1. So for the chain, taking the charge dipole from beta-carbon charges (+1 Lys/Arg, -1 Asp/Glu), which of 187, 106, 68 sits furthest toward the positive end?
2. Distance cut-off 23 Å, Cα to Cα: go down the list 28/166; 126/166; 28/126 and report the pairs above it.
3. Going by amide H atoms built from the backbone, whose H comes under 5 Å of the H on residue 233, apart from near neighbours?
4. Counting other beta carbons within 10 Å of each residue's own, what order do 1, 244 fall into, fewest first?
5. Might you report the magnitude of the Cβ-based charge dipole of region 8-240 about its Cα centre, with Lys and Arg at +1 and Asp and Glu at -1, to the nearest 20 debye?
6. Please give the net charge around residue 204, taking every other residue with its beta carbon less than 14 angstrom from that of residue 204, where Lys and Arg add +1 and Asp and Glu add -1.
7. How large is ³J(HN,Hα) for each residue in region 79-96, as worked out from phi by the Karplus curve 6.51 cos²θ - 1.76 cosθ + 1.60 (θ = phi - 60°), to whole Hz, x for Gly and Pro?
8. Determine the sum of side-chain charges near residue 61: Lys and Arg each +1, Asp and Glu each -1, restricted to other residues whose C-beta is under 14 angstrom from that of residue 61.
Amino acid sequence: MIDLTNRIALVTGASRGIGRAIVEALAKQGAFVVAASRGDNAVPTVEAVQASGGRAEALSLDVTDPAAIERAVQDVVAKHGRIDLVVSNAGITRDGLLLRMKRDDWDAVLATNLTATFTLCQAALKPMIKQRGGRFVAISSVVGQSGNAGQANYAASKAGLIGFCKSVAREVASRGITVNVVAPGLIETDMTRALTDDSRGDWASKIPLGRLGSPADVAHAVCFLASDEASYITGHVLAVNGGMYT
């Protein structure tokens, strides 16, 4: 059984969907979770965790602000004495065919999905190296592995996370730190709920397991990679896609 009792975790993009499920799952396994999102958006997540007996606190964070990320990590360490797990989950999409894609849409997606992970990982590694241990998990996407028409910016950012984490994993393994990636497939979120029944059925038919995934499916994978049971796993991409892409 996974036991994360008293581990200190920071999760970005924690207000809804996959991020909220990750916060709830980590707290259920005993972790104290700092749930980060813009403004007060993570407050409902924290209230739900606390109502179920878990421990969490909300943090207002703009992941595209490097100084804010640095302060956030420092504040977590100052308040809790350490930081054991960081999950880089915040992400956006601005879809469009490449020939019509605006430079602002490219820059925004790369800044939020990839550059913010660089900044967050760099900040988190400082205390983790001093501790001689820690876990870093980035949330990529099946699109980062397979590509997808109309999502060149999103696919590039998510593929970049894979190369980034594989490289950093090699740099910090000797310090007892693991760096891994979870790559979800088509997951039941606000975005997929907007699909028509016909479209959902079409997508489901392409998934060997015959259904869309749930945010909890992704959260369980994160909990595993955060646990002692995964202590010999680093630089790995854990696909949570129902067999959609192998």
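1. 68
2. 28/166; 28/126
3. HN-HN under 5 Å from residue 233: empty list.
4. Details: 1 5, 244 21.
Result, fewest neighbours first: 1, 244.
5. That gives a dipole near 560 debye.
6. On the way: positive: 193, 200, 206, 211; negative: 188, 197, 198, 202.
Neighbour charge sum, excluding residue 204 itself: 0.
7. 7, 10, x, 6, 9, 9, 9, 10, 10, 8, 10, 4, x, 9, 10, 9, 6, x
8. Value of the local net charge: -4.
No value in this document is a laboratory result; all are computed from the given coordinates. Model, not experiment: these values are computed from the prediction. Here Cβ is always computed from backbone atoms with ideal geometry, including for glycine, and neighbour counts include all displayed protein chains.
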